[in-house]
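Working notes, beginning with the structure itself.
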Amino acid sequence: MLNLSSRTANAVRALQRLAAGMATAAPRIGDTKVPMSLFEKSAFINYQRIEDNLAVIRKRLDRPLTLSEKIVYGHLDDPHGQDIERGVSYLNLRPDRVACQDATAQMALLQFMSAGMDTAAVPTTVHCDHLIQAQVGGEKDLARAISINKEVYDFLATATAKYGLGFWKPGSGIIHQIILENYAFPGGLMIGTDSHTPNAGGLGMVACGVGGADAVDVMADLPWELKCPKVIGVNLTGKISGWTTPKDVILKVAGVLTVKGGTGAIVEYKGSGIESLSCTGMATICNMGAEIGATTSVFPFNHRMVDYLKATKREDIASYAKRFAHNLKADEGAEYDQIVEINLSELEPHINGPFTPDLATPISKFAEVAKKNNWPEEIKVGLIGSCTNSSYEDMSRSASIVKQAAEHGIDLKSKFTITPGSEQVRATIARDGQIEAFESVGGVVLANACGPCIGQWDRKDVKMGEPNTIVTSYNRNFTGRNDANPATHAFVTSPDIVTAMSFAGRLSFNPLTDSLIGSDGKPFRFSDPTGNELPPRGYDPGEETFQPPPGDRAAVNVAVDPKSDRLQLLQPFKAWDGKTPTDLPILIKVKGKCTTDHISAGGPWLKYRGHLQNISQNCLIGAINAENNEANKVKNQITGEYEGVPQTATYYRDKGIKWVVIGDSNYGEGSSREHAALEPRYLGGLAIIVRSFARIHETNLKKQGMLALTFADPADYDKIRPSDRVDILGLESFAPGKNLTLVAKHEDGTKEEISLAHSFNEGQIEWFKAGSALNLMAAKAKEKL
């Protein structure tokens, strides 16, 4: 017995020693290696970095953290030394990945080629979705686009192969849907060269729209700089049901916060109401968050994300995220800069517009408001789909409405188009019968691409300038956005409302309360739409549309024809000459709203996105001149003649005369397109001086070596006359937080001194002095040789 007891004691002590050893070497989250995607087996989710960074940040800040703070601060380049103050500090971050759509990828890749790198430092993908014009239907439109854009697609295919990037071919789908299906993961940080990149927030990712120059920085292994975001909390209570959809959440939020209310902030959703939203529904909400100027939007990790990850064959990521769930939600007691309360049980369907996405009207009041404003009553076209609302759930619910109408013999009264978000969604709804339902009533299924949502629509049913109404499930409805017709009244709503209204053909129809007359002559009212959140039989991947990088990239030659009118290798911009700018003409004093569509139009101009010289001929042609209330008509201050904006800018540049633009509030809102910054720089501009900027555009201007300045007193905008000549004083001592001075010299000989504020930090000032961020990057690369 004594011997047995002794052996038992020894065994106990051995177990204790083993337990002690295990306690000191507890498994770390990073010990498990989970690939970011099925296409990138050697690129792993780095939860360990977030864990380690947050251990430092919690000690430093000593307060509860919001979800977005956990993800953003978890990706800090230097958590020990980084200054952290919401709305003030500039953060240096290390994103997990980069995504580019084909229109912006051209310039991003041309810039990356100029940086002298041989491979991207982080996983990067390019998606062909913007260059496919909607004309007659999916297959024919896609074939036509492949033929017309062959040169650009060849460039993108060879450049991605050369530099180790993933390439999604035309027809694969819209970038944001492809990202959600394949690359987004909870807790990740991604940047994308499209303003609706925040779509990935539906899977708990902080995903931000940026310009191509920011993408190049990250691809070249440089930190990404972001002004430390404020955090707006949206508390969702109740439960969504009936005709109300996730789209109505963001339509409501847009009405509350307006198109600039989210500027400089991340919108973080929370509350018990989240449980009634699907993962793709949460993505819809985050997607359209771009329309309130938000840096991005994000949802906390939950079981709906787990379901979606499993449905898209990413069970390993779902399991990994469950282990990391404590860092994928806000801490108890976390503080927000602003709180918005929404009770989903009381939320009505909304319709927003026309001409701006924040003019929000609940469906119960919409007919009255439409009549009061004399908006065109007849709905010419109803359009569903796009990156915002093209999920299986969206399509299923719309198909249920179509089937109800068909069963009662009700025909479409408006033209009706459907845009699947991806080849996977298209193939799945083709298999499961939704496409058949749409086509049986006369619906036209367009290509898996952006199409009319971004102005890629060869519309024939109305004449240019003819007032008309369209209703869409898209995200943006600025003047001329969808069809280049400034008289088109575009309204944004859910796919459900678009579909029902297309059978009524009129704005005054409320499907919740109004009836239509069936083929039997009896009144018929739609019942609540129904649809599956995920396909019961799983997703059908459809055709293979992905091109991985080749094993041997050295032999790949990037295709750029020197004679091309669509692609042009970039030349560096000139550095600042060190002189005080004096006697500069004002190219244009812009009046009112000026989005990136006004600065660099889309539509037919998309084909020149890779050719800076050619696309610069659309610079500011949509902006309204305060002098004469006309677009694209400005006075050349040298010749006295009135010409187009690009022509006048070119004249000044070729004469060696720098110029400035004066702008209004929220200048540069909308798309992330950096061409809106590249073009004025290429045409010789020195400064854009405005009441206020949209975030992405302000950064894009700085990246290209332009002065992005704001009136210290916004009322000083009114003191500037279009005929003024101006001096900009103080550049010799240009420093963060130190205002510059504008001297406005009027034609009558009088002068005014106006204080100009700016948000440049030390690094951004160096961009200006070097001529651009890319110039500075190239110079530093040479120093290392």
Checklist outcome for this item: From the Cα centre of the range 146-182 to that of the range 388-418, the distance in Å is 30
Checklist entry - How large is the charge dipole for the chain, taken about the Cα centre, if only the Cβ atoms of Lys, Arg (+1) and Asp, Glu (-1) carry charge, to the nearest 20 debye? => result 1060
Checklist entry - So what's the range 350-521 giving for Rg/Rh, alpha carbon basis, Kirkwood Rh from the mean inverse pair distance? => result 0.94
Checklist entry - Given a cut-off of under 8 Å on Cα pairs at least six residues apart, what relative contact order in percent is computed for the range 350-521? => result 35
Checklist entry - Out of (i) 192; (ii) 137; (iii) 238, which label holds the value of volume of the Cα convex hull per residue in Å³ that was computed here? => result (i)
Item to check | VAL743-ALA487 pseudo-label distance in nm [points 7 Å out on the Cα-to-Cβ vector] | outcome: 4.9
Next on the checklist: Taking amide H atoms as placed 1.01 Å from N in the peptide plane, list the residues 5 or more away in sequence, or in a different chain, whose amide H sits under 5 Å from that of LEU707.
Outcome noted: ALA687, ILE688
Item to check | Fraction of beta bridges assigned by DSSP in the chain that are antiparallel (%, nearest 5) | outcome: 40
Next on the checklist: Quick query: amide H of HIS489 versus all other amide H atoms, modeled in the peptide plane; which residues come in under 5 Å with a sequence gap of 5 or more or a different chain?
Outcome noted: ASN468, THR469, ILE470
Item to check | Accessible-area composition of the chain, carbon plus sulfur, in percent [1.4 Å probe] | outcome: 50
Checklist entry - What's the FRET efficiency of MET464 with ARG144 using the Cβ-Cβ distance as r and R₀ = 22 Å, to the nearest 0.05? => result 0.50
Next on the checklist: Over the chain, with the other protein chains present, what is the accessible area per residue in square angstrom, probe 1.4 angstrom?
Outcome noted: 37
Next on the checklist: Can you pull out the trypsin sites (Lys or Arg not before Pro) in the range 582-655 whose DSSP state is coil and whose Cβ has at most 11 other Cβ atoms within 10 Å?
Outcome noted: LYS655
Checklist outcome for this item: Other residues with Cβ under 10 Å from the Cβ of ILE342 give, with Lys and Arg +1 and Asp and Glu -1, a net charge of -2
Checklist outcome for this item: For 432-444, 221-233, ranked highest to lowest by mean beta-carbon neighbours within 10 Å, the order is 221-233, 432-444
Next on the checklist: Defining a contact as two alpha carbons under 8 Å apart and six or more residues distant in sequence, what relative contact order in percent does the chain show?
Outcome noted: 13
Checklist entry - Name the GluC sites (Glu not before Pro) in the range 313-355 that are in a loop by DSSP and that have at most 16 other C-beta atoms within 10 Å, would you? => result GLU332, GLU335, GLU346
Checklist entry - When only C-alpha pairs under 8 Å and at least 6 residues apart count, what is the relative contact order of the range 584-784, in percent? => result 19
Checklist entry - Sequence-distant or interchain residues sharing an amide H contact under 5 Å with LEU65, placed H: which? => result ASP331
Checklist entry - Using the Cβ atoms and a cut-off under 14 Å, what net charge is assigned to the surroundings of GLU85, where Lys and Arg are +1 and Asp and Glu are -1? => result +1
Checklist entry - By the scheme Lys and Arg +1, Asp and Glu -1, what is the net charge of all other residues having a beta-carbon under 11 Å from that of ILE240? => result -1
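The values are calculated or read from the model by the stated rules, or taken from the named source; none is laboratory data. Values in this document were obtained by computation on a predicted structure and should not be read as measured data. Counting neighbours? That spans all protein chains shown, and the Cβs are built from the backbone with ideal geometry, glycine included. In case anyone asks, the SASA skips ligands and DNA or RNA and just uses the protein heavy atoms, side chains included. Shrake-Rupley method; radii C 1.70, N 1.55, O 1.52, S 1.80 Å.
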